[in-house]
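Encoded as structure tokens, the structure appears first; notes follow it.
The values are calculated or read from the model by the stated rules, or taken from the named source; none is laboratory data. Every value quoted in this text rests on a predicted model; they were computed, and no experiment measured them. Every residue, glycine among them, receives a Cβ derived from its backbone with ideal geometry; neighbour counts consider all protein chains shown. Surface areas here come from the heavy atoms of the whole protein model, side chains and all, with no ligands, DNA or RNA. Shrake-Rupley method; radii C 1.70, N 1.55, O 1.52, S 1.80 Å.
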Amino acid sequence: MNVEIEASWKLRLQEEFDKPYFERLVAFVKDEYRHHTVFPPGKQLFHAFNTCPFDRVKAVILGQDPYHEPGQYYGLCFSVLDGVPFPPSLVNIFKEIKNDLGKPVPQSGRLERWSEQGVLLINSILTVRAHQAGSHRGKGWEEFTDAVIRRLNDERNDLVFMLWGSYAQKKGAFIDRRKHCVLTAPHPSPLSADRGFFGCRHFSKANAFFRSKGLSEINW
């Protein structure tokens, strides 16, 4: 199957695109777009990959479901377009960065400024029906994003994986801790942020790891 995605990712994921599960997934997603409002817009389905080529990935932040309200999700996990109010999880991420690094809360919730530095911002599930959280679970996206993480784990070294919440931690359980830095914490959602996301200091820890490997830090 010919999928429009950034060339370095296409090279490594073509094997997935040719599998029967992905063909079924594409058929399902196309039908959803035809009959329902689905996020993100179709042209932004692989926005996270297109803004962060495989060989430039330094860190991975793994979300679960996309935002499901209009105007929010456009292909990067936790990110929102300018002018869109920050969702609660993003508010808490910025609070932790302020407490960890002393950086002021930014005016923009767009996180391309991270992805362009090598932060891959992916959800486990890449599409969602409007107003229906988790509506595209169990359709094949989870298998696809498992393959993405596996490729990064196997073919790259010295990556930082930020796994927030039990779902992300289970999904990343196979990541080789001898090759990569794996940081775990509760999810930044208001339901769990007070149980250990606040104070996790993942952003300074990631930069300390990069420094230890002679790599440039991320400007969070």
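Here are a few things to note about the model shown:
- Equivalent ellipsoid semi-axes - Cα gyration tensor, the stretch 104-220, angstrom: 23, 19, 15
- Within the stretch 165-220: Cβ-based charge dipole about Cα centre, in debye rounded to nearest 20 (Lys, Arg +1; Asp, Glu -1): 240
- Beta bridges assigned by DSSP with both partners in the chain are antiparallel in approximately 20 percent of cases.
- Residue-normalised accessible area of the chain, expressed per residue, 1.4 Å probe, Å²: 46
- The chain - charge dipole about Cα centre, Lys and Arg +1 at Cβ, Asp and Glu -1, debye rounded to 20: 540
- Highest-fluctuation residue, Pro186, Pro106, Pro88 considered, GNM on the chain with Cα pairs under 10 Å: Pro106
- Remark: for residue pairs Lys139/Lys171; Lys58/Lys205; Lys30/Lys139; Lys10/Lys139; Lys103/Lys205; Lys98/Lys205, the C-alpha separation exceeds 19 Å in Lys10/Lys139.
- Counting only the Cα atoms, the stretch 1-82 fills a convex hull of 110 Å³ per residue.
- Structure remark: mean-square fluctuation, Gaussian network model of the chain, C-alpha springs under 10 Å; the largest value among Asp158, Asp65, Asp55 belongs to Asp55.
- Convex hull of Cα atoms in the stretch 156-220, direction-averaged projection (nm²): 4.7
- Relative intensity, log₁₀ I(q)/I(0), of the chain from a Debye sum that treats every alpha carbon as a point, q = 0.13 Å⁻¹: -0.73
- Alpha-carbon centroid distance for the pair the stretch 41-60 / the stretch 182-214, whole angstrom: 22
- Carbon plus sulfur fraction of accessible area for the chain, probe 1.4 Å, in percent: 50
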